[in-house]
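Enquirer: Okay, here's the structure, questions in a sec.
The values are calculated or read from the model by the stated rules, or taken from the named source; none is laboratory data. All of these numbers come straight from a predicted model, not from anything done at the bench. Note that we place each Cβ from the backbone using ideal geometry, even for glycine, and neighbour counts take in every protein chain shown.
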Amino acid sequence: MLEAAPGPVFVAYAIFAAFTTYFCMYAFRKPFAAAKFEGVLFLGSVVQLKTALVISQIIGYALSKYIGIKVCSEITPGRRAFALIALILWAEAALVVYGLVPDNLKVAAIFLNGLPLGMVWGLVVWYLEGRRTSELLLAGLSCSYIVSSGIVKDFGRAMIEGDVAAWWRNVPGIGSAIGDLLGRVSEGWMPAITGLHFLPLFFLAVWLLNQLPRPSAADVAARAERAPMDGSLRMAFVKQFAFGLTLLCLAYFFLTAYRDFRDNYQVEIFDGLGYPYAANKAIISKAETIVMFGVMAALALLNLIKSNRLGLIGAFAIMSGGVALLGVSTLLLEAGWINGFWWMTLTGLGSYLAYVPYGSVLFDRLIASTRVVGTAVFAIYIADAIGYTGSVGVQLYKDVAHSGMSRIAYFKGFTYFMSVLGLICLVSSCLYFVRRHRQSPAA
């Protein structure tokens, strides 16, 4: 049915299935960040328990990206759906352990939670890349993690405050019993129970995603064939584009750290800006929803560009504009021209405009432009592995080297740094890859 469906129907179906799959994944990854663990230090050190939890999960997630370089680039189509379900069940089991153990041991449990989740993105991208409508599909998928992070954290906070239990009590049938059971969920058990709420929807979304047909002959002609990559193909790809990939990975090293710092400490940053959770329960979701629509609109416009060379330039233009917006928005805040809410919204928009193409349209267009045989998933996972390694370093650097600095002050300085470095790396790598464009056989 999908093979014969009109283009808009296919695009809508594929976006819904991919968006929902990855949206639900965030319910297993990010709810723990809604807990503050105020005043609790890890093993009596200078490192705060929340920082240790954030770093531990990122280490697991980064290791997952390194494993994914091989696993996600080699996996065959018939095993992808099974792998997605197995990874999420592993993550939920780790969250149950997280709820059971004392605070200091939660650091180990959250590491085990992050270990499988880093491979979910690559498995979902496999279903969408290499199509004539890939920009639209990948833009829709990318919006899932922009908006889902804020929503699941708001959900987690609502669970701690008892709001979710109150909602369940209004559901006819067994809702009242579930509401009484939940009550006010502790910060330790909140992540596991949040995951259980989203597990049935995740199963349904994976089944829907697995119905997508392989790219058609017209897709292959327009965007190059996408095939699993063994070790020799992966090494050839790296050697062929070493200089350009180095520039991209350097920018991504700090960009991932920047995005993660903003994402993991949104609750604290909003509090410091004068937006406490008690009076602004949906502020994170509101900001991220605005960001989602802005990013989706920008990336969807790339689908209008049929030339792969111009499409690659367009992707770099969006990314460069994003890092420039980081610096401009911070200047506007310090000049008093915008308030804290719009500053957080604009830094979110700028960081995601630069960040999202790495995991979606950038490498899809790069492969289509250079006509190299392989898969965008491999290039995505090289960048991701390096990026999340940077995230760990930046988190530790803040607490160890600048323990007395507020998170807002640190975030502002990081914003200016990211804006300058990002522009240098992205413009230079754009010039490098555009010079390596090859015409398709049909052209």
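Residue-by-condition table, conditions (1) out of contact with any Gly (no Cβ under 6 Å at 6 or more places or on another chain); (2) farther than 18 Å from TYR22 by Cβ; (3) polar (S, T, N, Q):
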{"residue": "SER144", "(1), (2), (3)": "yes, no, yes"}
{"residue": "ALA165", "(1), (2), (3)": "no, yes, no"}
{"residue": "SER176", "(1), (2), (3)": "yes, yes, yes"}
{"residue": "TRP189", "(1), (2), (3)": "no, yes, no"}
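Enquirer: Across segment 88-98, which residue is nearest to ILE193 (Cα to Cα) among those that are surrounded by fewer than 18 Cβ atoms within 10 Å (Cβ to Cβ) and in contact with a helix residue (DSSP H, G or I) (Cβ under 7 Å, 6 or more places away or on another chain)? Explain how you work it out, then say what you get.
Expert: Step one: of segment 88-98, the residues surrounded by fewer than 18 Cβ atoms within 10 Å (Cβ to Cβ) are 89-90, 93, 96-97.
Okay, now just the ones that are also in contact with a helix residue (DSSP H, G or I) (Cβ under 7 Å, 6 or more places away or on another chain), so 90, 96-97.
Working: TRP90: 15, VAL96: 8, VAL97: 12 Å.
Residue satisfying both the conditions and the ranking: VAL96.
Enquirer: Moving on. Residues that are crowded, with 24+ Cβ neighbours inside 10 Å and modelled with pLDDT under 80: list the helices (runs of 4 or more DSSP H) wholly contained in segment 120-196 that include at least 3 such residues.
Expert: 134-161
Enquirer: I'm checking my understanding of the structure. Among residues of segment 1-19 that are in contact (Cβ under 8 Å) with a residue 12 or more places away in the chain and surrounded by fewer than 21 Cβ atoms within 10 Å (Cβ to Cβ), which one is nearest to MET405 (Cα to Cα)?
Expert: We begin by selecting, within segment 1-19, every residue in contact (Cβ under 8 Å) with a residue 12 or more places away in the chain; these are 2-3, 7, 10-11, 13-19.
This time we only want the ones that are surrounded by fewer than 21 Cβ atoms within 10 Å (Cβ to Cβ), so: 2-3, 7, 10-11, 13, 16.
On the way: LEU2: 54, GLU3: 56, GLY7: 52, PHE10: 50, VAL11: 47, TYR13: 47, PHE16: 42 Å.
That would be PHE16.
Enquirer: Now for a different question. If I ask for residues that are modelled with pLDDT of 85 or more and either outside any helix (DSSP H, G or I) or of a type in the set (Gly, Ala, Ser) (or both), which ones from segment 64-75 would you list?
Expert: Those that are modelled with pLDDT of 85 or more and either outside any helix (DSSP H, G or I) or of a type in the set (Gly, Ala, Ser) (or both): SER64, GLY68.
Enquirer: Quickly run through segment 360-393 and pick out the residues that are buried (at least 22 other Cβ atoms within 10 Å of the Cβ), over 21 Å from VAL120 (Cβ atoms) and either in contact with a Cys (Cβ under 6 Å, 6 or more places away or on another chain) or among the small types (Gly, Ala, Ser) (or both).
Expert: ALA368, SER369 - these are the residues of segment 360-393 that are buried (at least 22 other Cβ atoms within 10 Å of the Cβ), over 21 Å from VAL120 (Cβ atoms) and either in contact with a Cys (Cβ under 6 Å, 6 or more places away or on another chain) or among the small types (Gly, Ala, Ser) (or both).
Enquirer: Which pairs do you get when a residue that is touching a residue at least 40 places away in the same chain (Cβ under 8 Å), found in segment 94-107, comes within reach of a residue that is in a helix (DSSP H, G or I) and of a type in the set (Val, Ile, Thr), reach meaning Cβ atoms under 7 angstrom, with the pair 6+ apart or on two chains?
Expert: As it stands, the answer is TYR98/ILE110, since those pairs meet every condition given.
Enquirer: Give me the residue from segment 22-41 that is part of a helix (DSSP H, G or I), in contact with an Asp or Glu (Cβ under 9 Å, 6 or more places away or on another chain) and among the small types (Gly, Ala, Ser) and, out of that set, farthest from ALA93 (Cα to Cα).
Expert: ALA34
Enquirer: Also: Starting from segment 209-237, take each residue that is under 23 Å from ARG79 (Cβ atoms) and among the polar types (S, T, N, Q) and list its partners that are outside any loop (DSSP other than H, G, I, E, B) and at pLDDT 80 or above, counting only C-beta distances under 7 angstrom and pairs at least six apart or across chains.
Expert: ASN210/ALA81
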